[in-house]
Amino acid sequence: MTDAVRFEQIYREYRPKVLDYIRSHVNSPEDAEDLCSEVFRKALEHLDPSAGTAVSSYLYTITRRTVVDYYRTHRLTAPLDEELPSEDSPEENLLSKETLGRLADALRGLSERERTIIVLRYSAGDSLREISRKTELPYGVVKRAHQSALEKLRRELAPLDG
């Protein structure tokens, strides 16, 4: 069996699962489709279909990283609520930019696992049990990583409070 045929089999078998995972994390169906295509483009570049490695684990890793990258690049493009006041003072705008910058820096200080859990918990609104299921990590590991990430963020952002 050629690599092209094997990759086509992998694509047919895993595309629905990959797309479902992405759709559960991304609100836009069009973005989900684009990200799914991106996952399989990356897999085609790096996956050796004849190697016999755990394809599902490899695809899950690519998919999870692609979703995290999506949130990193799209975090400031979310639509604004029309109810937000539009006449912020320059000081409030500066504070908001400083706060967002510090938050972004603090998030970069977390491990990839902790960032993923924070994004899923607070951006996607998933419960810790849902995160455990989606990431295939034990619930206790997710809970400890969540608590650890929150503590790190609190310590990093504490000077903002005082």
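The values are calculated or read from the model by the stated rules, or taken from the named source; none is laboratory data. Not measured: the values here are computed from a predicted model. Note that we place each Cβ from the backbone using ideal geometry, even for glycine, and neighbour counts take in every protein chain shown.
Summary of computed values
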{"read-out": "Top-ranked residue of segment 124-154 - restricted to ones that are surrounded by 15 or more Cβ atoms within 10 Å (Cβ to Cβ) and among the small types (Gly, Ala, Ser), ranked as farthest from Thr66 (Cα to Cα)", "value": "Ser148"}
{"read-out": "Identity of the residue in segment 1-19, surrounded by fewer than 12 Cβ atoms within 10 Å (Cβ to Cβ) and among the β-branched types (Val, Ile, Thr), that ends up nearest to Ile118 (Cα to Cα)", "value": "Val5"}
{"read-out": "Selection within segment 105-122 - in a helix (DSSP H, G or I) and loosely packed, with under 15 Cβ neighbours inside 10 Å", "value": "Asp105, Arg108, Glu112, Tyr122"}
{"read-out": "Residues (within 23 Å of Ala149 (Cα to Cα) and either modelled with pLDDT under 50 or of a type in the set (Phe, Trp, Tyr) (or both)) located in segment 65-119", "value": "Tyr70, Tyr71, Leu76"}
{"read-out": "Among residues of segment 20-42, those that are buried (at least 19 other Cβ atoms within 10 Å of the Cβ) and either within 14 Å of the chain's Cα centre (by Cα) or farther than 13 Å from Val55 by Cα (or both), counted", "value": "8"}
